1. Tell me, which helices (runs of 4 or more DSSP H) lie completely within the stretch 1-115 with 1 or more residues that are of a type in the set (Asp, Glu)?
2. Would you pick out the residues in the stretch 153-186 that are exposed (fewer than 15 other Cβ atoms within 10 Å of the Cβ) and in contact with a Gly (Cβ under 8 Å, 6 or more places away or on another chain)?
3. It is to be established whether one or more residues within the stretch 61-68 are farther than 22 Å from ARG132 by Cβ, among the small types (Gly, Ala, Ser) and in contact with a Gly (Cβ under 7 Å, 6 or more places away or on another chain).
4. Pick from the stretch 107-150 the residues that are among the aliphatic types (A, V, I, L, M) and surrounded by fewer than 22 Cβ atoms within 10 Å (Cβ to Cβ): which of them is nearest to ALA169 (Cα to Cα)?
5. Is it fair to say LEU84 is within 26 Å of ALA164 (Cβ to Cβ), of a type outside the set (D, E, K, R) and either crowded, with 18+ Cβ neighbours inside 10 Å or at pLDDT 95 or above (or both)?
6. Starting from the stretch 198-214, take each residue that is on the phi < 0 side of the Ramachandran plot and list its partners that are surrounded by 14 or more Cβ atoms within 10 Å (Cβ to Cβ) and not in a helix (DSSP H, G or I), counting only C-beta distances under 9 angstrom and pairs at least six apart or across chains.
7. Within the stretch 113-127, track down each residue that is under 15 Å from ALA167 (Cβ atoms) and touching a Leu at 6+ places or on another chain (Cβ under 8 Å).
Amino acid sequence: MPKKERVSEKRLAELEADLARLNQAWTAWDQELTQEQRRLEEDGMGMWEALDVIHRRQMDGLRSGTGPVSFREIHLPLDELFDLYLRAGEDQRLLIRSFFEDKHRLRKYLHSYVGGRAAPRLADTGDVKWLRLGLAAASIVDQRVDYRDLLICLGALWLAAEEAGIAPARYFSAVAKLSNDEPVYGNSSTRDLLRGFRSSGHLRSIKQRESTLRKNAP
């Protein structure tokens, strides 16, 4: 792990302001798309079809940059912030975790960052940086979104690391030491979740499933 250092308070404040702006724009966009979905249903489109149409519309906008926010805009501050989190001391890590307390839309996205950005990038590049950043996102979200979804995303990250020839256990343990050690919503702490992931029933289950799929592959 990078050596701990005092991160610039000014830079953290700038990143927090960027996140606040993005969260506000994304939340407003969600509300607009929800209204559009209702209009489609009122015009006779089925609920599930309307939901699919709206979902595709948002994903296209996020990918292409034609929407109010884009993945590029979102990932730039997140990538930097997660790297800083791994370098920061305990007080600044606590501060960074607090950035997402009032940013529900971005906080919800952190799971997708772990499983939908960090894991695929790790698989494509083999660069351990993506394992570290994915784990930082998991540490920061701190089980404030359904932890079962987090387990799925961490599983994707673990498998991507192994496919890249990286032994993920020591990285999980290293980021566990940086994580909140207080139990969350009656669950184990994020520190314990990351530290114990290597021996978790969830990881055993997904590895067994992967093994079965490979055996049955043509």
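1. 9-42, 47-64, 71-87, 90-98
2. Residue satisfying the conditions is GLY165 alone.
3. Our first condition is that a residue be farther than 22 Å from ARG132 by Cβ; within the stretch 61-68, this holds for 61-68.
After this cut, where a residue has to be among the small types (Gly, Ala, Ser) as well, the list is 61, 64-65, 67.
Retained after the next criterion (residues that are in contact with a Gly (Cβ under 7 Å, 6 or more places away or on another chain)): 61, 67.
Yes, that holds for at least one residue.
4. Kept after step one, since they are among the aliphatic types (A, V, I, L, M), are these residues of the stretch 107-150: 110, 114, 118-119, 122-123, 128, 131, 133, 135-138, 140-141, 145, 150.
Filter once more, so that each one left must be surrounded by fewer than 22 Cβ atoms within 10 Å (Cβ to Cβ): 123, 128, 145.
Numbers: ALA123: 16, VAL128: 13, VAL145: 23 Å.
Of everything passing the filter in the stretch 107-150, VAL128 is nearest to ALA169 (Cα to Cα).
5. Details: within 26 Å of ALA164 (Cβ to Cβ): yes; of a type outside the set (D, E, K, R): yes; either crowded, with 18+ Cβ neighbours inside 10 Å or at pLDDT 95 or above (or both): yes.
So LEU84 passes the test.
6. Close Cβ pairs (under 9 Å, with a partner that is surrounded by 14 or more Cβ atoms within 10 Å (Cβ to Cβ) and not in a helix (DSSP H, G or I)) amount to ARG198/PRO168.
7. If the condition is that a residue be under 15 Å from ALA167 (Cβ atoms) and touching a Leu at 6+ places or on another chain (Cβ under 8 Å), then LEU122 is the only one that fits.
A quick yes/no check of all residues on (1) of a type in the set (Lys, Arg); (2) at pLDDT 95 or above; (3) out of contact with any His (no Cβ under 6 Å at 6 or more places or on another chain):
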residue	(1), (2), (3)
ILE96	no, yes, yes
LYS103	yes, yes, yes
TYR113	no, yes, yes
TRP158	no, yes, yes
GLU163	no, no, yes
ALA167	no, yes, yes
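The values are calculated or read from the model by the stated rules, or taken from the named source; none is laboratory data. All values reported here derive from a predicted model rather than from experimental measurement. As a convention, Cβ positions derive from the backbone with ideal geometry for all residues, glycine included, and neighbour counts pool all protein chains shown.
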